[in-house]
Structure formats: structure tokens, C-alpha cells
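Everything on this sheet refers to the single structure shown next.
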Amino acid sequence: MQVTFQEDTIKLTLEPVMLQALTEAISEKAQDIESRVDYNYRAFSTKFGYTEIATLRDLKRLHQVLSKKLENSIFQKKPKVTISLQVSYVYLLHEQIVFSFDNPFLQSVIDQLDHSIKSYRLADQMQLR
């Protein structure tokens, strides 16, 4: 996996099997949250309710985009897939997926997400000085 930065975007280059593990993990996490969210609940009344609904929305959006990338990579038989994610989505993935699964391909993605966040923070700090 390769990680590069461009302003507030992180580009990750993954093998299709790693991307598949990530999309499956996102799908499972979204289903887990969806099973707990009450859509009739007034989302703005508490931060918790809003956070769950916003997280679910973002995870579904990510799943849709990454699934399309995966589908294209399989169809085109590409050995590597490059995805560009806003830093906020990388944080979301890292926060939501980190402790969820016991999959070696996913663990590799998680390690790289962790590395990319640390590298991004370091690069950001160096620019501030």
C-alpha cells in the first residue's frame, strides 16, 4: 500500500483484496449502526443521535464509492487501486473500523490508515512552523 498527501486529501493505493476487506468492514459497521439508529429520533436533540446518523450517512457514502472502485478494478483486472479520501473520511474509517474485525487484509489497511494519519499530522505540523 502506498500513501500520498495533497492538501486535505490522502491517496491510498491498495490491492483489490484489501479494498474488498475495507468495503466489507464498512458495510458491516453501517449495518450495525443502522440497527441501533431510530430515524424518528430528533437527531438534533443530542450530539449522540446526530453523530450516529451522520456517521451512518458517511459510511454509506464511502461504501458506495469504494464498491464502485472495487468493481472497476476487478473488471479491468488492475493489480492496484488508488483511492483519494478527504482526511475527515480517513479519520472516520480509522475510528469506526479499527477494532471491529480480525481480517489480515483489513488489518493491513488499518495499519496504513494509522500510518497515513500520523504522517498527515506530522506534515501538517511541519507546515505550521
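Here are a few things to note about the model shown:
- Counted by Cβ distance under 12 Å from L59, the other residues give a net charge of -2, where Lys and Arg count +1 and Asp and Glu count -1.
- The residues neighbouring S116, those whose beta-carbon lies less than 13 Å from its own, together hold a net charge of -1 under the Lys/Arg +1, Asp/Glu -1 convention.
Where a number appears in this text, it was derived from the coordinates with a stated rule and is not lab data. Just so it is clear, the structure is predicted and the values come from calculations on it, not from any experiment. Quick reminder, even Gly has a Cβ in these numbers, built from the backbone with ideal geometry, and neighbours come from all protein chains shown.
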